[in-house]
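Here the structure comes first, spelled out in structure tokens, and everything after it is commentary.
The values are calculated or read from the model by the stated rules, or taken from the named source; none is laboratory data. Source: prediction; values computed, not measured. When the accessible area is computed, the model is the full protein with side chains, heavy atoms only, and any ligands, DNA or RNA have been set aside. Shrake-Rupley method; radii C 1.70, N 1.55, O 1.52, S 1.80 Å.
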Amino acid sequence: MKTIHTFTSLLTGIAIIAMGQSPVGAEQAEGKESKKAKPYPLKTCLVSDETLDADPSMKSYSFVHEGQEVKLCCKSCLKDFKKNPAKLLKKMKETADKEAKKSAK
């Protein structure tokens, strides 16, 4: 019985490592905000460009990606974000910079 328990624990550990997650939970879980994350600078979804929370029937989705808070109009946009996060984060920075210049005028 002890052999089965040890084997199961070993397989669980391998699965956790293969998924790239810390077994102790040291990494921030997706969908949770981090105190150290940079705040999301836009009022629109990074993927669809829809205004966040404009449609009460759709719940916006927030998560932290590499220390940056990201907000999407819905969880379905997450798959599109994951296809090319670098491109979308660059778009976010450029859009935020444009909006900051506009409001400074």
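When the residues Ser76, Ser48 are ordered by accessible surface, computed with a 1.4 Å probe over the protein chains alone, the sequence from largest down reads Ser76, Ser48.
For Thr44, the accessible area of its heavy atoms, probed at 1.4 Å with every protein chain present, is near 40 square angstrom.
Among Val70, Val64, the sequence by solvent-accessible area, most first, with a 1.4 Å probe is Val64, Val70. Whole-Hz Karplus values for the stretch 79-93 come out as 4, 6, 4, 5, 5, 7, x, 4, 4, 6, 5, 5, 4, 4, 5 Hz, taken residue by residue from phi with 6.51 cos²θ - 1.76 cosθ + 1.60 and θ = phi - 60°; glycine and proline positions read x.
Here's the list of lysines a cross-link from Lys43 could span, going by alpha-carbon distance under 17 Å and ignoring same-chain residues fewer than 8 apart: Lys59, Lys71, Lys75, Lys90, Lys91, Lys93, Lys98, Lys101, Lys102. Ranked from largest to smallest solvent-accessible area, with a 1.4 Å probe on the protein heavy atoms, Leu88, Leu46 come out as Leu88, Leu46.
Residues whose amide H comes within less than 5 Å of that of Gln68, counting only those at least five positions distant or on another chain, are Lys38 (H built at 1.01 Å from N in the peptide plane). The residues of the stretch 42-105 present an accessible area of 69 Å² per residue when probed at 1.4 Å with all protein chains retained.
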